Amino acid sequence: PEGLPAVVAIVLALSVTRMARAGTIVRKLPSVETLGAVSVVCTDKTGTLTKNVMTVTQWYEDGKLQTLEGEISEKPSESLAECFALCSDARSDTGLGDPTELALLQFASLAGVEKEEREKNKPRRGELPFDSERKMMTTFHRQGKAGISCTKGAPDRVLKQCTHIRKNGYSVPMTQAERSKAEQAASCMSSQALRVLAAAVKEDARGPEEKGLTFLGLAGMIDPPREEAKRAVEQFRRASVDTVMITGDHVDTALAIAKSLEIAEDRSQCMTGEELDQIGDRDLQKKIRDLKVFARVSPGHKVRIVNAFKAAGHITAMTGDGVNDAPSLKNADIGIAMGRTGTDVAKQAADMILTDDNFASIERAMEEGRGVYENIKKSVIFLL
C-alpha cells in the first residue's frame with residue numbers, strides 16, 4: 001500500500017494548517033494523532049482556566065477583614081501598601097509585570113503609595129526571588145543607615161516565619177489567637193475563589209530576611225474563570241476526557257474555581273502537595289482516578305501526577321508555561337505550552353503551543369486530532 005505514507009503525511013499536514021489558524025501551533029506532526037486519543041487533560045489554573053486579570057477585592061489587617069466596594073471609606077494602611085509596592089517587580093507607570101503584582105500595585109495606590117516614588121527613598125539593594133518551594137519573595141531596601149526587608153507570599157508560609165504583628169503602628173509579639181484569626185481570614189477569602197497573599201516586614205534588617213518577621217496583613221484577589229473554559233470542560237466530559245486542575249494556589253481557592261467550572265464537586269476530589277509527599281506511587285495510582293484537583297504543588301509533583309495517570313492506563317496531556325514545567329511537559333504523552341506567558345524552555349519541551357493561552361483551544365485541537373484519526377482509519381480501510 002504505497003499510498004498510505006502519502007495519505008498520512010497529507011492528512012496530518014492539512015490538519016496542522018487548520019490548527020495553526022485556530023491558535024494552536026503543532027511542533028511535532030505525529031502528536032496531532034496522539035491528541036485524538038487523549039483521555040486526561042492536566043491543566044494549570046491561572047491564565048488557562050482563568051482570565052489572569054487580577055483585582056484585589058478583600059484585605060485583612062489589624063484583626064479586620066474588609067471588602068473593596070465602589071467608593072471605599074476604609075483604606076489599607078500605609079505600611080501594608082508600602083510592603084506590597086516595594087516587594088514587586090511590576091511597574092505601575094508602564095503597566096508591565098505579572099498580573100498579580102500589578103493588582104497589588106493598584107491596591108497600594110488606594111493608600112496613596114506609588115512604587116516608583118517609594119523606591120526613590122528606599123532603593124532596592126537585594127532580593128530573594130520567588131520560587132515554588134518557598135512560595136515567598138523578599139526584597140531588601142535601604143533607608144538612610146537602616147534597612148527594611150519586605151516579604152510577600154503564601155499566607156501559610158509567611159505566617160510560619162512571623163513572630164510579631166503590626167498593631168496601631170507598633171510591632172508587638174504575635175499571640176496564637178492572632179495567628180489563628182489570620183489563618184481563618186485567609187481560609188475565608190480562599191473559599192470565595194480569591195488568591196490570597198500575605199505581607200510581612202523586618203525592620204533594621206541587614207539584608208533580605210525571611211525569619212522573625214512582623215505580620216502586616218493579607219490581600220485577596222479575584223481571577224475570574226474564562227467563560228469558554230466551562231464550555232470546554234463540558235465538551236471534554238461528553239467526549240469521555242477528564243479535566244484535572246493542577247495549581248500552586250491554596251486548596252480552597254482551587255476547589256472554588258473547580259466547582260464553578262464543574263471540574264470537581266467536593267474536597268475529597270482534591271489533594272495537596274503535602275498529602276502527595278506522604279503517599280506512595282502505588283497508592284497514588286489507585287486514588288488518581290477519583291482526583292480532579294491538585295493544589296499547592298511543586299514542579300516535581302507534576303511529574304509524579306503525570307506518571308500516575310500514565311501508569312493507570314490514561315493517555316495524558318499536560319499544560320505548562322514555566323522553566324520548571326519542562327520535565328512534566330516532556331513526560332506527558334502530549335505537552336502543551338503557553339504561547340503568551342510560556343518560557344522558551346517550556347515551548348521547546350512541548351509538542352504543541354497555544355498562541356492564546358486559552359483552555360478552549362485544547363478542545364478544538366483535540367476535536368481536530370480525532371478527525372485526523374478517523375481520516376487515517378478510513379484511508380487504511382479503503383486501501384485494504
per DSSP, antiparallel bridges as share of beta bridges in the chain, % nearest 5, sits at 65
Among trypsin sites (Lys or Arg not before Pro) in the stretch 341-384, those in a DSSP loop whose Cβ has at most 11 other Cβ atoms within 10 Å are none
Going residue by residue through the stretch 50-57, the Karplus relation 6.51 cos²θ - 1.76 cosθ + 1.60 with θ = phi - 60° gives ³J(HN,Hα) values, rounded to whole Hz and with x marking Gly or Pro, of 10, 7, 6, 10, 8, 9, 6, 10
With 0.36 nm assigned to each residue of separation and the Cα-Cα distance removed, E74 to R282 gains 69.6 nm
Under the 7 Å Cα-to-Cβ spin-label approximation, D266 and R238 lie apart by a distance in nanometres of 2.9
Contour minus Cα-Cα span, D98 to R142, at 0.36 nm per residue, comes to 13.4 nm
Per the C-alpha gyration tensor (a ≥ b ≥ c, the square roots of its eigenvalues), the stretch 175-334 is rounded if a/c is under 1.5, else prolate if a/b beats b/c, else oblate; here it's prolate
Dipole check, the chain, charges on Cβ (K,R +1; D,E -1), about Cα centroid: among A350, H250, G112 the Cα furthest to the positive pole belongs to A350
Expressed as a percent, the accessible surface of the stretch 129-218 that is carbon or sulfur, using a 1.4 Å probe and the full set of protein chains, is 51
Spelling it out for I246: with amide H atoms placed in the peptide plane at 1.01 Å from N, the residues 5 or more places away or on another chain with amide H under 5 Å from its amide H are T43, D44, K45, F294
Given a Förster distance of 51 Å, the FRET efficiency implied by the Cβ-Cβ spacing of K64 and D290, rounded to the nearest 0.05, works out to 0.85
The local net charge around S31, scoring Lys/Arg +1 and Asp/Glu -1 for residues other than S31 whose Cβ lies under 9 Å from its Cβ, equals -1
Quick calc, V53 & K259: beta-carbon distance into FRET formula, R0 22 Å, rounding 0.05, result 0.60
Partner lysines whose C-alpha sits under 20 Å from that of K51, ignoring same-chain residues fewer than 8 away, are K230, K259
Checked the stretch 65-210 against the a/c 1.5 cut and the a/b vs b/c comparison, axes a ≥ b ≥ c from its Cα gyration tensor; verdict rounded
Heavy-atom accessible area per residue of the stretch 326-376, all protein chains kept, 1.4 Å probe, expressed in Å², is 38
Projected area averaged over all directions for the convex hull of the alpha carbon atoms of the chain, nm², comes out at 21.0
Beyond 24 Å (Cα-Cα) in this structure, taken from K75/K181; K181/K292; K287/K310; K292/K378; K160/K347; K202/K302, we find K181/K292; K292/K378; K160/K347; K202/K302
HN-Hα couplings for the stretch 207-215 via Karplus (6.51, -1.76, 1.60; θ = phi - 60°), in whole Hz with x for Gly/Pro, come out as x, x, 10, 10, 9, x, 7, 9, 6
In the chain, taking the dipole from +1 charges on Lys and Arg beta carbons and -1 charges on Asp and Glu beta carbons about the Cα centre, the listed residue (L216, V306, A200) farthest towards the positive end is V306
Listed by chain and number, the aspartates and glutamates with an alpha carbon less than 13 angstrom from that of K377, same-chain partners under 8 positions apart left out, are E33
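The values are calculated or read from the model by the stated rules, or taken from the named source; none is laboratory data. Note that the coordinates shown come from a computational prediction; the quantities given were computed from them, not determined experimentally. Neighbour counts are summed over all protein chains in view; Cβ atoms, including those assigned to glycine, are modelled from backbone coordinates with ideal geometry. With ligands, DNA and RNA removed, areas are computed over all heavy atoms of the protein, side chains included. Shrake-Rupley method; radii C 1.70, N 1.55, O 1.52, S 1.80 Å.
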